[in-house]
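Have a look at the structure below, then the notes.
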Amino acid sequence: IDEIRLGGMRIIEKGTENYLFIPVWSFFGTVTETYAEGMGAPANVDENNEFVERDFRQCILTVNAIEGSVIDRSQGY
């Protein structure tokens, strides 16, 4: 994690078709994938069999800034 931002996100209320716009903390960083020998690693792994996504900082975690629950971005709540 190399950056934390306070922002807003539209989430769906579970079991309804209603949306809320809430404040969220978003944690951004770099993901490192480590591959075991012979596991079909991509061609661009380093000497430690690690692939580091350096060009694209992605959101690793999103937390509801009101009550602290973790938001699953793929589910929308």
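For the residue pair Thr30 and Ser74, what label-to-label distance in nm results when each label sits 7 Å from Cα along the Cα-to-beta-carbon direction?
Label-label distance for Thr30 and Ser74, simple model: 2.5 nm.
For the pair Ile22 and Ile4, how long in nm is the line joining their label points, each one 7 Å along Cα→Cβ?
1.8 nm
Which order do peptides 66-75, 17-26 fall in by mean Cβ count within 10 Å, highest first? Kindly include the intermediate steps, with their values, before the conclusion.
Values: 66-75: 10.0, 17-26: 12.8.
My ranking of the peptides, most packed first, is 17-26, 66-75.
Using θ = phi - 60° and the Karplus curve 6.51 cos²θ - 1.76 cosθ + 1.60, what whole-Hz ³J(HN,Hα) does each residue of the stretch 59-64 get, with Gly and Pro shown as x?
6, 8, 8, 10, 10, 4
For every other residue with a beta carbon closer than 9 angstrom to the beta carbon of Gly29, add +1 if it is Lys or Arg and -1 if Asp or Glu, then tell me the sum.
In short, -1.
Under 5 Å between amide hydrogens, which residues at least 5 positions from Met9 or on another chain qualify, with H placed 1.01 Å from N in the peptide plane?
Amide H to amide H, under 5 Å and 5 or more residues apart or across chains, Met9 pairs with Ile22, Val24.
All of the numbers you see were taken from the coordinates with simple rules; none came from a lab. Computed from a predicted model, the values in this text were never measured in an experiment. Because the Cβ atoms are built from the backbone with ideal geometry, glycine has one as well, and the counts that use them run over all protein chains shown.
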